[in-house]
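The values are calculated or read from the model by the stated rules, or taken from the named source; none is laboratory data. None of these values were measured; they are calculated from a predicted model. Don't worry about glycine lacking a Cβ; one is built from the backbone with ideal geometry, like all the others, and counts go over all protein chains shown. Quick note on the areas: whole protein, heavy atoms, side chains included, nothing else; ligands and nucleic acids left out. Shrake-Rupley method; radii C 1.70, N 1.55, O 1.52, S 1.80 Å.
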Amino acid sequence: MSRYARQTCLAGVGPKGQARLATARVLVVGAGGLGATLLPQLVGAGVGFIRLLDPDLIEESNLHRQTLFRMSDLGQPKAQIAAEALGGLNPDVTLEAHVTRLTPANLPRWSQDVDLIVDAADSFATSYALSDHCHQSRQPLISASVTGRQGYVGGFCGGAPSLRAVFPDLPDVMGACSDTGVMGPVVANISALQAQMVLAVLLGQAPSPLGQLLSVDLTNWRVNGFRFDTAPEPSRSSPAILALEQITPDDLVIDLRDTADQAPSPEHGQRVVFVCASGLRAWRAARAFAETSEAHVAIVGVGT
C-alpha cells in the first residue's frame, strides 16, 4: 500500500494533489516548539522540499515541548538536529537545514524560490518582517504564536490581507516563553493546525485558510475563529522592520539601549530608525512618534 494512501483517498487530494505536494517548496522559519509538530506533519505528508532556518542551540528547557530533540542533542543546532531526525521519516522529502537567523536583509535570498512560507519562530519581529515581505511578493504566509495555554494560527498574504491588517499594533504586555511559560500540548495543538493550513494552501483547498485566523485558549477550553478577507491594511505609521545592516548613513538612528525615549527631529524625508534589544520598546517609540510626524519610521531589534 502507498505511503500516502490514507490521505490520497480524501476528496481534494488524490494522486494529483499528492503530486502537487511532492513538487511544493516551503520555507520554515523556526525549528523549536512549533516546528516539533509542524515539521513531522509536513514531511510525513510528502511536501517535496523544506528549507529550515533556525540559529539556536538545543537547551534542556526546550525538551518538554520540542519533542524532536533528545538529551543527547543538548548544545547542538536545532535546525541540523531536526533535519537529521526527520531524514528517516520520509525519503521522498528534501530537507535543507541552515543554522542561521532570518533577518529582513537575508529574507529575499531564502524565500525567492519557495511557494509558501511558514512562520514558526514565535517572534513578533520575525512575524512582521515575514508578513511585510509576503505582502509585497504575494507569497502565502502561515503564521502562529503561542504563550502560556493559548495561541493563534492564521493564513496571511498570498492575496489575503497581511498580519498587520489583523494585528496593526502589539499588545501592551508581551513575554517570551522563558518569562511567561508555555504548555507543550498547547504548542502541539497550534502547530498541528498550522501544518493543516500549509497543506490546505498547497493543495488549493476551498475555502482557503488564507484570510482565516483560529485562536485556541486551553485555559478556558475555547476555540474561536474568524475570516478577515476584507480587513484593510494599516497606514504607513506602522513601523517597518529592519536588520542592522539595512540602516543607512542617511537615517536618523535613535538607539534606545543608550538613551531615554526622546522626540527625534529628522530632516525632511529622513527615515527615523529606533533600535533596542528586543524591538518591543523601539516599536512603541516608533508608533508614538509616527502619530505626530510625517516621517517614515522603522525599528531594529538587535536580539531578534
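For the reader, a short list of remarks on this structure follows.
- Look at the range 1-14: where a residue is touching a residue at least 24 places away in the same chain (Cβ under 8 Å) and a partner is assigned to a helix (DSSP H, G or I), sitting 6+ places away or on another chain with Cβ atoms under 7 Å, you get Tyr4/Gln18; Gln7/Ala45; Gly12/Leu203; Val13/Gln7; Val13/Leu203.
- Test: residue in the range 82-90 that is at pLDDT 95 or above and in a loop (DSSP other than H, G, I, E, B): yes
- Annotation: of all residues in the range 272-285 being open to solvent by 10 Å² or more (accessible area, probe 1.4 Å) and touching a strand residue (DSSP E or B) at 6+ places or on another chain (Cβ under 6 Å), the one that is nearest to Ser123 (Cα to Cα) is Ser278.
- Test result for Leu63, over 19 Å from the mean Cα position of the chain (by Cα), under 18 Å from Leu38 (Cα atoms) and touching a residue at least 24 places away in the same chain (Cβ under 8 Å): no
- Checking each residue in the range 224-243 for being over 18 Å from Cys157 (Cα atoms) and exposed (fewer than 13 other Cβ atoms within 10 Å of the Cβ) picks out only Asn224.
- Counted residues, the range 38-66 - those being buried (at least 20 other Cβ atoms within 10 Å of the Cβ) and farther than 21 Å from Thr8 by Cα: 8
- Condition met for Arg101 (in contact (Cβ under 8 Å) with a residue 24 or more places away in the chain, exposed (fewer than 15 other Cβ atoms within 10 Å of the Cβ) and in a loop (DSSP other than H, G, I, E, B)): no
- Residue ranges of helices (runs of 4 or more DSSP H) in the range 1-52 with at least 3 members closer than 29 Å to Thr103 by Cα: 14-23, 33-45
- Any hit, the range 89-96, residues being out of contact with any Leu (no Cβ under 9 Å at 6 or more places or on another chain) and open to solvent by less than 30 Å² (accessible area, probe 1.4 Å): yes
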